[in-house]
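Below is one structure, written out as structure tokens, with a few remarks after it.
The values are calculated or read from the model by the stated rules, or taken from the named source; none is laboratory data. Not measured: the values here are computed from a predicted model. As a convention, Cβ positions derive from the backbone with ideal geometry for all residues, glycine included, and neighbour counts pool all protein chains shown.
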Amino acid sequence: MLIIDSKDCENIDKALKKYKKKYEKSRVLNQLRDRQSFTKPSIRRRTQVLKAIYKLQLNNGDFDVK
């Protein structure tokens, strides 16, 4: 549950903006999408490894863009 402390003089738009930021940071939507379908642990590990390799290649400048 997200709780936003709003002051009496605070605008409703600012409170909504704070709520949206807290919602994005809590990653609720990502968790819901992950739970919609089951992914095997081996596939989950494989995607993590591929993502790590991609990041390393970007940082090292070894990535070839064709």
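Being surrounded by 10 or more Cβ atoms within 10 Å (Cβ to Cβ) and either within 20 Å of the chain's Cα centre (by Cα) or in a loop (DSSP other than H, G, I, E, B) (or both) is true for just one of Lys25, Lys7, Lys55, Lys14. Which residue is that? Before the answer, list the steps.
Working: Lys25 fails: surrounded by 10 or more Cβ atoms within 10 Å (Cβ to Cβ); Lys7 fails: surrounded by 10 or more Cβ atoms within 10 Å (Cβ to Cβ); Lys14 fails: either within 20 Å of the chain's Cα centre (by Cα) or in a loop (DSSP other than H, G, I, E, B) (or both).
Selected residue: Lys55, the only one of Lys25, Lys7, Lys55, Lys14 that is surrounded by 10 or more Cβ atoms within 10 Å (Cβ to Cβ) and either within 20 Å of the chain's Cα centre (by Cα) or in a loop (DSSP other than H, G, I, E, B) (or both).
All conditions but one from (1) surrounded by 10 or more Cβ atoms within 10 Å (Cβ to Cβ); (2) assigned to a loop (DSSP other than H, G, I, E, B); (3) at pLDDT 90 or above apply to Phe38; the one that does not is (1).
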